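Presented below is the structure to which this report refers.
The values are calculated or read from the model by the stated rules, or taken from the named source; none is laboratory data. For clarity, every value in this text was computed on a predicted model and none was experimentally measured. Here the Cβ positions follow ideal geometry from the backbone for every residue, glycine too, while neighbour counts run over all protein chains shown. For accessibility, only protein heavy atoms count, side chains too; no ligands or nucleic acids. Shrake-Rupley method; radii C 1.70, N 1.55, O 1.52, S 1.80 Å.
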Amino acid sequence: MPNRTSTLQMIGEETLEQAATVIRCLGHPLRLRLLEAMETGGQTVSELQHHTGAPQSAVSQQLSVLRGHGVVEGRREGSFVRYRIIEPKVGAILNCIRACEIDR
């Protein structure tokens, strides 16, 4: 039987480190739900609260983690801050999760 690793390109160390950071950051159900809500565009904290049913303090806390890891950014619009995804791999990760749910 052929060795699979011999036919696949090995992932570079820097890429593995970046991926591990993003994956660790996404390792919380509320963070994933927030990102799912932001897939269609920027959302305010109150919009994210409505989408997730989570209290404002929990939404803000998880957004802070996502911001701190460079997954989302916030832009002020008047008295609101609109958060949007800036990590390009997030969509692919969410699609993988959806595919796993379908495969069950």
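Quick notes
- Some residue of the stretch 66-79 being more than 16 Å from Leu32 (Cβ to Cβ), out of contact with any Lys or Arg (no Cβ under 6 Å at 6 or more places or on another chain) and among the basic types (Lys, Arg): yes
- On the stretch given as the stretch 10-46, residues that are polar (S, T, N, Q), open to solvent by 90 Å² or more (accessible area, probe 1.4 Å) and modelled with pLDDT of 90 or more total 1.
- Every condition in (1) assigned to a helix (DSSP H, G or I); (2) touching a Gly at 6+ places or on another chain (Cβ under 8 Å); (3) of a type in the set (D, E, K, R) is met by Arg82 except one, and the failing one is (1).
- Filtering the stretch 46-65 to residues that are in contact with a Lys or Arg (Cβ under 6 Å, 6 or more places away or on another chain) and among the hydroxyl-bearing types (Ser, Thr, Tyr) leaves only Thr52.
- Given (1) open to solvent by 70 Å² or more (accessible area, probe 1.4 Å); (2) closer than 15 Å to Cys25 by Cβ; (3) in a helix (DSSP H, G or I), index of the condition Cys96 fails: (2)
- Cβ-Cβ distances below 8 Å connect the following pairs, each with a first residue in the stretch 66-83 that is within 26 Å of Ala19 (Cβ to Cβ), a second residue that is open to solvent by 40 Å² or more (accessible area, probe 1.4 Å) and hydroxyl-bearing (Ser, Thr, Tyr), and a separation of six or more residues or different chains: His69/Thr21.
- For beta carbons closer than 6 Å, sequence separation of 6+ or different chains, a first residue in the stretch 40-65 that is within 21 Å of Val90 (Cα to Cα) and a second that is at pLDDT below 95 and not in a helix (DSSP H, G or I), the qualifying pairs are Thr44/Phe80.
- Checking Ser57, Ser6 one by one, the residue that is in a helix (DSSP H, G or I), out of contact with any Phe, Trp or Tyr (no Cβ under 9 Å at 6 or more places or on another chain), hydroxyl-bearing (Ser, Thr, Tyr) and at pLDDT below 95 is Ser6 and no other.
Yes or no, residue by residue, for (1) in contact with a Ser or Thr (Cβ under 8 Å, 6 or more places away or on another chain); (2) surrounded by 10 or more Cβ atoms within 10 Å (Cβ to Cβ):
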| residue | (1), (2) |
| --- | --- |
| Gln49 | no, yes |
| Gln56 | yes, yes |
| Leu66 | no, yes |
| Gly70 | no, yes |
| Glu73 | no, yes |
| Ser79 | no, no |
| Ile85 | no, yes |
| Val90 | no, yes |
